[in-house]
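> Take a look at this one; I'll ask things after.
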Amino acid sequence: MTLPNFIVIGAAKAGTTALHWYLADHPQVFMAPVKETNFFAFGLDDEGRLLYGDPELHRFPIRTLEEYEHAFDGAGEALAVGEASPIYLESPRSAARIAEVIPGARIVCGIREPVDRAYSDYLMYLRARGRRLDPARDLTPSAPWAAPDSHWMQISRYHEPLRRYFDAFPPQQIHVFLFDDLKGDQRGVVRNLYRFLQVAPDFTPDFHTPHNIGGMPSSMLVEKVLTSGSLKKVLDPWVPKRVADLARRARTRNMRRAPSLPPELKATLQEHFREDIAATSRLIGRDLSSWLSPG
């Protein structure tokens, strides 16, 4: 039986996807070929409905422990064996379930400035439904995603989700990084991560191929083809990395930068997170005061 000894979770999906590939590149690391297994977030109620997740957004390709174990069959002699499922941070049951099955797991978590994260997740929601951003609707305080109790704002509060992991695991098994760190110093962040996972820190992965680029697509048809869940499920285990990299570059060329949030709107929304930012800062021991600046 093979189970992972580390799991990547997080609130910065683009950063989590990039980390998956930086880790998969390392010769001493094995990453599950099924990206976002989401196993520890899966569960159904008595009526067969998901306990957590949106069936239109979240895939659950692995649903049993046996299937989960088989996802790591190719690990061989890898020193670090892992998977990346961003949903594990927001899913209320995941921390306890991981601790029950893999109590020695190392947890890697990336978090992003909360307003940017909420806006980015809303853009992903629009892309998944083939809808366009409407600035007159979406860049105002009355935008659906900007309501304090919206799904996008709720999942951008980090203290309670992270607290669940600090309650379930010793602090030395948890490594939290900021999305800003990854943007500003990729090599430094990745080296620190390799050290945390106890693999050779001097390895340099492919930093050139883009991963999970945000924004809005120029062609919705191209975006739909390149992100088709059913197509990815069939092809992912078989497509060589070189071909997958070409697909990611094609998707990047199809993306256009989304409009920035108006500074006044961002400042207003940041106030909703002030207490949570302070609590998160104390929990992880990092100064997050820059998250309260509209810049």
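> Using a 1.4 angstrom probe and counting only protein chains, how large is the accessible area of SER142 in Å², to 10?
Here the accessible area works out near 100 Å².
> Grab the eigenvalues of the alpha-carbon gyration tensor for the range 1-76, scale each by 5, take roots, and send me the semi-axes largest first in whole angstrom.
Numbers: eigenvalues 117, 56, 14 Å².
Result for the range 1-76: semi-axes of 24, 17, 8 Å.
> Got a sec to turn the phi values of the range 139-153 into Karplus ³J(HN,Hα) couplings, 6.51 cos²θ - 1.76 cosθ + 1.60 with θ = phi - 60°, whole Hz, x for Gly and Pro?
So the Karplus estimates, Gly and Pro as x, are 10, 9, x, 8, 4, x, 6, 8, 5, x, 9, 5, 4, 5, 6 Hz.
> Ok, one more. Quick one: which of 175-182, 276-283 comes out on top by average Cβ neighbours within 10 Å, and what's the full order, highest first?
Values: 175-182: 20.4, 276-283: 17.1.
Answer by packing, highest mean first, reads 175-182, 276-283.
> Sticking with this one: Starting from the Kirkwood radius over alpha-carbon pairs of the range 137-214, derive D by Stokes-Einstein at 25 °C in a medium of 0.890 mPa s and give it in µm² s⁻¹.
My calculation gives 155 µm²/s for D.
> Still on this structure: Please compute the net charge surrounding ILE155, taking Lys and Arg as +1 and Asp and Glu as -1 over other residues with Cβ under 15 Å from its Cβ.
Numbers: positive: LYS13, ARG93, ARG112, ARG117, ARG157, ARG163, ARG164; negative: ASP54, GLU90, GLU113, ASP116, ASP121, ASP149, GLU160, ASP276.
For residues surrounding ILE155, the net value is -1.
> Say R0 is 25 Å: what FRET efficiency, to the nearest 0.05, do THR64 and ARG129 get from their beta-carbon distance? Don't jump to the answer; show the numbers that get you there.
Values: r = 30 Å, r/R0 = 1.19.
Plugging the Cβ-Cβ distance into 1/(1 + (r/R0)^6) gives 0.25.
> Tell me which residues come under 5 Å, amide H to amide H, from ARG106 once H is placed; ignore anything under 5 positions away on its chain.
Those lying under 5 Å, H to H, from ARG106 are PHE6, ILE7.
> Continuing with this model, one more query. 7 Å from Cα along Cα→Cβ at both ASP206 and LEU57: what's the point-to-point distance in nm?
2.9
> Moving on to the next point. Net charge near ALA99: determine it from the other residues with C-beta under 15 Å of the C-beta of ALA99, scoring Lys and Arg +1 and Asp and Glu -1. Walk me through the numbers before you get to the answer.
Working: positive: ARG93, ARG97, ARG106, ARG163, ARG164; negative: GLU100, ASP167.
Overall, the nearby charge balance is +3.
> Give the relative contact order (percent, whole number) for the range 1-132; include only Cα pairs under 8 Å separated by 6+ residues. Numbers along the way, then the final one.
Numbers: 195 pairs, mean separation 57.0, N = 132.
Over the range 1-132, the number comes to 43 percent.
> Could you order peptides 96-109, 15-28 by the average number of other Cβ atoms within 10 Å of their residues, highest first? The partial results should precede the final answer.
Values: 96-109: 17.6, 15-28: 21.2.
By packing density, highest mean first, the sequence is 15-28, 96-109.
> Test of understanding: what is the full-extension gain from ARG195 to GLU160, defined as 0.36 nm times their sequence separation minus their Cα-Cα distance? Working shown, then result.
On the way: separation 35, 0.36 × 35 = 12.60 nm, distance 2.70 nm.
Fully extending the segment from ARG195 to GLU160 adds 9.9 nm.
> Shifting gears a bit: Kirkwood Rh and Cα-based Rg: tell me the resulting Rg over Rh for the range 38-151, rounded to two decimals.
Values: Rg = 17.3 Å, Rh = 16.8 Å.
Here Rg/Rh amounts to 1.03.
> Separate question: Considering only protein heavy atoms and a 1.4 Å probe, what is the carbon-and-sulfur percentage of the accessible area of the range 1-104?
Working: 2220 of 4360 Å².
With neighbouring chains kept in place, the figure for the range 1-104 is 51 percent.
> Then there's this: How much net charge surrounds PRO262 when only the other residues with a Cβ under 14 Å from the Cβ of PRO262 are counted, with Lys and Arg +1 and Asp and Glu -1? Let's see the in-between values first.
Working: positive: ARG137, LYS266; negative: ASP116, ASP138, GLU264.
Around PRO262, the charge tally is -1.
> Leaving out ligands and nucleic acids, note down the accessible area per residue over the range 3-82 with a 1.4 angstrom probe, in whole Å².
Details: 3400 Å² over 80 residues.
Each residue of the range 3-82 exposes 43 Å² on average to a 1.4 Å probe.
The values are calculated or read from the model by the stated rules, or taken from the named source; none is laboratory data. Just so it is clear, the model here is predicted, and its values are computed rather than measured. FYI the Cβ positions are ideal-geometry reconstructions off the backbone, even for glycines, and counts take in every protein chain you see. Keep in mind that these areas ignore ligands, DNA and RNA; they rest on the heavy atoms of the full protein, side chains included. Shrake-Rupley method; radii C 1.70, N 1.55, O 1.52, S 1.80 Å.
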